Every structure is written in C-alpha cells, then in structure tokens.
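Engineer: Dropping the structure in here first, questions after.
The values are calculated or read from the model by the stated rules, or taken from the named source; none is laboratory data. Quantities reported herein were computed from a predicted structural model and do not represent experimental measurements. Ideal geometry is used to build each Cβ from the backbone, glycine not excepted, and the neighbour counts take in all protein chains shown.
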Amino acid sequence: MLAKVVSRSAVLSKAALNKVSHLLVLVPKDKTLPPEFPGRDVLKALLSRRHMEPAQLAETPLSAELGQGGLAAWVMVDFGATVFNRQTAIRNALQLLLSENPETLDIVPIGDDGQRKAAAEMAVYCALVNSKPLATRRNGGNARALDMVTVHGVRDRAFVAMAAVAEGNYLCRMLTSLPANDLTPQSYRQRIAALCKDNGWKREEFDFKKLRKMGAGAFTAVAQGSPDEDAAVVRLSYRHKDARETIALVGKGICFDTGGHNLKPARGMLDMHKDMNGSAVVLGIILAATRLNLPINIDCWLAIAQNHLSPAAYKQGDVVTALNGTTIEVIHTDAEGRMVLADTLTLASRQKPAAIIDFATLTGSMIYALGTRYSGIFSNRDDLLTSALEAGKASGERVHAFPLDPDYDAALKSDIADTKQCLIAGEADHILAARFLLKFADGLPWLHMDLSAYHCDGGLGAMAGSTTGFGVAWGVELLRQRVRR
C-alpha cells in the first residue's frame, strides 16, 4: 500500500505547525511572495541570503529548517506552464523532503480556490508515486516508506483518483524492477493470477501448447527457444455495468531477452529483465481503472515469454506462419517483440474491441529518435492519435507521433514470405515495426506506443526514480477521455 492521504479544509495553524516534521508549501508563481504562509519569514531570509528572486522558486525550490525543528520546502507553481514542467518543479521540491525518508508529509497550497486545488492534486500525486521505494535485496533492508500525506486547506475527492493512478504506477515499476530469476513467465503468470483474484478480473490463459495448436507461429517461434514451455498469452477482463465500449490493451511481456541467435552484447543485455515493461504498464492501467471504477470495459492481452538462445530457438531465415495466416521471414532474432505481439494482436482483434492500444519496449531506434524523455506513438486513426497527444499533455507523460505511411512497407517486402519481420540494418526500425504490427490489427482502430521513456536517468516529470512507470497515467487519462465523450 502507498501512503494514506488525509485532507483538511482548515488551514495549518501555528500550533499544528510546531508538530510538523516535513512540510511542502506550494505558492502561485509571482514576482513577490503572497501574504502570510508557513515559514514565510524563513523563506524571505533564505532568498535574500542566496540573492534569489521569489519567482526563481519555480525552477529552484528551497528548503530550510523551521524554528521547531521541522523541515520545510517551498516551490512556486507556474500555472501557465505545462503539466510536465509543473510536475517536475513539485517533484524537485518534494525530493528535498523525501530524501530524509519521513513517515509523514504535510502539504499547504497557497492561492485562490482553483490554484490550491490544482496544486494540491499534483503535489499529492507526485508525493505518492515517490512515497514507497522499490524493493531491493540489500543487507539492512529497504528505505522507510512514507506513511501519511496530509493536505491542509483543501477538501478534494480527486485525491482518491491521484492515489489510484499512483498505485497503478507503482505496480508497473515494481514488476519491471524484479530480476529475471524472480520474474519468469511461470512466476509472472502466478502473480497475475493473484492480482485477478484480488481485483475480481476474469482470466484466460493461452499456454504454449495451446498457441502452437492454434497456429500462433509468430509467438511460438520466440517461445520455443526456452527450455521451459511456460510462455503464454494471458487475457484479463474488467467489466463495468455502465460501459459503452470495450478497449483492448496489449502488452509485450518478454521476461528476459538475450537476443536469441543474434545475441545481444553485454551492454545491450544488461537490463533485459525489464523488457516486459509493456505488460506491466497494461497491468498498472487496469489496476488504476479498477480502483477508479471507470465505466468502460477493458480486455488486457499480455504476451509473456522469454527470448532464449538454444538449439530449439528460431533462426535467421526461418519462415513462420502467424495466427492470422500471414507468413513471416525472420531476419533478426532480436526483433522478437513484434513477433509475440503479432499473434497477441490477432487474438485481441478477434474480439472486435472499439480500439486496440499496445505497449512495448520495442525498438532502440525510438530511443535514438526521442531519447528517454518522450515515448513514440503510431496510429491508423487520426482521432485516436489526437486523443493520445492530448492525454500526453494532460498526464505529464509526453508522447510524439510518428508517420505510418504505407510506402514504408516496401522495405518489408520478402521474396519468400508475405512480409519480412524487419531489416538487418536499423534504418527507421521504429516505423517499420509499427507497419509490421499494423498487419495484425485487422483494420480496427489501433495505437502503438514504443516505450522509449520507460527508463530515464534522473527521473522524469512526477517520478524521481529512473524506472518511470511511463504509460500508466497516460493510459488512464486516455480511458477517461473516452468515458467523458
């Protein structure tokens, strides 16, 4: 569980201030400091000593001890800035406090009613996603988690929504960070089964033998390299009585990626236990949607496998037949993500959802294109692409749209099969991968997210850690858009 959130309509009294251990004060950006707020005199002296103007607090938050021994941090919130930039400023201020691993955190927003509400909601979300360290096996245990967040001067039911999205984000990051020997396909499926039991989701598994019998040759080509036949496509279903449509979420769940016969170098293989991040994003979204009781139906399709090197592993030059009948010429065994997603997309499309959204740590070329601060998206529908961009702005998880023009298919033309899997060279691989996946969406509205921002050194937006959970808040916002329309 993440920290508990308590909101109080009363402002923080001087008597109560003396009992606060860690205090965050959120001030609307201006050239001057507003009237009295907790620690104002201490902050004025600190600004004077550092030769800073008050408005600089929007970029450089400050902290200092108060007279009673508590630690306070002050940040100016620029309501004209993007959500991402506001999240970053608040997160930087929070880190001045959370670095001490406090048990409690008090938040005091200053300004008019709208400013206090908006600043408090963002601060609560930033505090919650950073409130609980990811588990480690270090001797001496893990850092202490934040136990309670108290907001003063605002009573807001939206804090429940902030907590739901933060919980989904934490689940995503927790699963992504597990080492490969703790998260095999078999143990991952067991964890998913437990999540289904706890949250009332229906579950259906298409295991390796069943997929082979069904003719899912793209998925089983990758999975056959593992000595344990524990790979599977797992379907989870969330249903709501007031739902008007069903959305399919598809996630790449490669628990470890060696590259297969086209073996990755040591540097490239180092973090490949995180190649299941797309499936973790999907689990985070359905968990948050469940907590929010969103009136929308969700089907999650998780492609869970490993890409191993073995005598049974698929090879360059193999031709396999996908579940929808498409024949695929294998060009590079390290392009396994698009293979397992191909058959998983076919399974999802057969249920005729209103839209399919897939998430995958798919290509290195997307990282070359964008770095790790944005993720790239593709879609065969302009309205879905527009909604995705809006969700990125509203959630603070920024996305950039890439072209999906059909003439890119010329590069995937094969002399011996319906399509090549990829090129041996990496030119425009992120675009070619999207064109390949599109062949398996059966013409339905489809959006693909290549998760180049799943890991960002130094943190990203609201998240201070390098494993970001990117995609959960974005996905929840996109679902909310569909519910509201």
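Engineer: Confirm whether Val233 is within 23 Å of the chain's Cα centre (by Cα), within 30 Å of Glu329 (Cβ to Cβ) and surrounded by 15 or more Cβ atoms within 10 Å (Cβ to Cβ).
Structural biologist: On the way: within 23 Å of the chain's Cα centre (by Cα): yes; within 30 Å of Glu329 (Cβ to Cβ): yes; surrounded by 15 or more Cβ atoms within 10 Å (Cβ to Cβ): yes.
Yes, satisfied.
Engineer: Look through Arg398, Arg338 and report the one residue that is farther than 28 Å from Phe208 by Cβ, crowded, with 20+ Cβ neighbours inside 10 Å and either among the basic types (Lys, Arg) or at pLDDT below 95 (or both).
Structural biologist: Only one candidate qualifies: Arg398.
Engineer: Applying the selection to the range 459-483, what residues are in a loop (DSSP other than H, G, I, E, B), in contact with a Leu (Cβ under 8 Å, 6 or more places away or on another chain) and either crowded, with 24+ Cβ neighbours inside 10 Å or basic (Lys, Arg) (or both)?
Structural biologist: Within the range 459-483, Thr468, Phe470, Gly471 meet the criteria.
Engineer: May I pose another question? Please enumerate the residues belonging to the range 339-387 that are of a type in the set (Gly, Ala, Ser) and either outside the structural domain of Val222 (by TED's automatic domain parsing) or out of contact with any helix residue (DSSP H, G or I) (no Cβ under 7 Å at 6 or more places or on another chain) (or both). Reasoning before the result, please.
Structural biologist: Taking the range 339-387 first, the residues of a type in the set (Gly, Ala, Ser) are 342, 348-349, 354-355, 360, 364-365, 369, 371, 375-376, 379, 387.
Once the filter is applied, which keeps residues that are of a type in the set (Gly, Ala, Ser) and either outside the structural domain of Val222 (by TED's automatic domain parsing) or out of contact with any helix residue (DSSP H, G or I) (no Cβ under 7 Å at 6 or more places or on another chain) (or both), the range 339-387 yields Ala348, Ser349, Ala354, Gly364, Gly371, Ser375.
Engineer: Here is a further query. In the set Asp147, Asp78, which member is touching a Ser or Thr at 6+ places or on another chain (Cβ under 7 Å) and in contact (Cβ under 8 Å) with a residue 12 or more places away in the chain?
Structural biologist: Asp147
Engineer: Take the residues in the range 220-233 that are of a type in the set (Asp, Glu) and touching a residue at least 40 places away in the same chain (Cβ under 8 Å), then tell me which one is farthest from Val340 (Cα to Cα).
Structural biologist: Asp228
Engineer: Which condition number does Thr60 fail, the rest of (1) among the hydroxyl-bearing types (Ser, Thr, Tyr); (2) surrounded by 19 or more Cβ atoms within 10 Å (Cβ to Cβ); (3) assigned to a loop (DSSP other than H, G, I, E, B) being met?
Structural biologist: All conditions pass for Thr60, except number (2).
Engineer: Go through the range 196-219 and count every residue that is of a type outside the set (Phe, Trp, Tyr), touching a residue at least 40 places away in the same chain (Cβ under 8 Å) and part of a helix (DSSP H, G or I).
Structural biologist: Final tally of qualifying residues: 6.
Engineer: Quickly run through the range 140-159 and pick out the residues that are touching a strand residue (DSSP E or B) at 6+ places or on another chain (Cβ under 8 Å) and either aliphatic (A, V, I, L, M) or on the phi > 0 side of the Ramachandran plot (or both).
Structural biologist: Kept after step one, since they are touching a strand residue (DSSP E or B) at 6+ places or on another chain (Cβ under 8 Å), are these residues of the range 140-159: 146-156, 159.
Passing the criteria: Leu146, Met148, Val149, Val151, Gly153, Val154.
Engineer: Can I ask one more? If a residue has to be more than 16 Å from Asp207 (Cα to Cα) and not hydroxyl-bearing (Ser, Thr, Tyr) to count, how many in the range 290-306 make the cut?
Structural biologist: Step one: list which residues in the range 290-306 are more than 16 Å from Asp207 (Cα to Cα), which gives 290-299.
Then keep just the ones that are not hydroxyl-bearing (Ser, Thr, Tyr); that gives 291-299.
Final tally of qualifying residues: 9.
Engineer: Kindly evaluate Ala89 against the criterion of being among the hydrophobic types (A, V, I, L, M, F, W, C), in contact with an Asp or Glu (Cβ under 8 Å, 6 or more places away or on another chain) and either under 25 Å from Tyr374 (Cα atoms) or modelled with pLDDT under 95 (or both).
Structural biologist: yes
Engineer: Out of curiosity, is Ser452 under 30 Å from Gly469 (Cβ atoms) and hydroxyl-bearing (Ser, Thr, Tyr)?
Structural biologist: Yes: the conditions hold for Ser452.
Engineer: Further, regarding this structure: For the range 12-25, what are the residues that are surrounded by 14 or more Cβ atoms within 10 Å (Cβ to Cβ), outside any strand (DSSP E or B) and of a type in the set (A, V, I, L, M)?
Structural biologist: Within the range 12-25, Leu12, Ala16, Leu17, Val20 meet the criteria.
Engineer: Which is within 30 Å of Thr361 (Cβ to Cβ), modelled with pLDDT of 95 or more and either surrounded by fewer than 21 Cβ atoms within 10 Å (Cβ to Cβ) or not assigned by TED's automatic domain parsing to the domain that holds His22 (or both), of Leu128, Leu175?
Structural biologist: Leu175
Engineer: Quick check: anything in the range 276-283 under 22 Å from Thr176 (Cβ atoms), crowded, with 20+ Cβ neighbours inside 10 Å, of a type in the set (Ser, Thr, Tyr) and in contact (Cβ under 8 Å) with a residue 60 or more places away in the chain?
Structural biologist: Looking for residues that are under 22 Å from Thr176 (Cβ atoms), crowded, with 20+ Cβ neighbours inside 10 Å, of a type in the set (Ser, Thr, Tyr) and in contact (Cβ under 8 Å) with a residue 60 or more places away in the chain, one finds at least one in the range 276-283, hence yes.
Engineer: While we're on this one: Are there any pairs with C-beta distances below 6 angstrom linking a residue in the range 407-428 that is crowded, with 18+ Cβ neighbours inside 10 Å to a residue that is in a loop (DSSP other than H, G, I, E, B), with the two at least 6 apart or on different chains, and if so which?
Structural biologist: From residues that are crowded, with 18+ Cβ neighbours inside 10 Å, the pairs are Lys420/Ile331; Lys420/Ser414; Gln421/Val330; Gln421/Ile331; Gln421/Ala335; Cys422/Ile331; Cys422/His332; Cys422/Ala335.
Engineer: Sticking with this structure for a sec: If Thr372 meets every condition in (1) β-branched (Val, Ile, Thr); (2) crowded, with 24+ Cβ neighbours inside 10 Å; (3) in a loop (DSSP other than H, G, I, E, B) apart from one, which number is that one?
Structural biologist: Going through the list (1) β-branched (Val, Ile, Thr); (2) crowded, with 24+ Cβ neighbours inside 10 Å; (3) in a loop (DSSP other than H, G, I, E, B), Thr372 breaks only (2).
Engineer: So which residues in the range 238-288 are under 23 Å from Leu384 (Cβ atoms), hydrophobic (A, V, I, L, M, F, W, C) and assigned to a loop (DSSP other than H, G, I, E, B), if there are any at all?
Structural biologist: Scanning the range 238-288 gives a single hit, Ala243.
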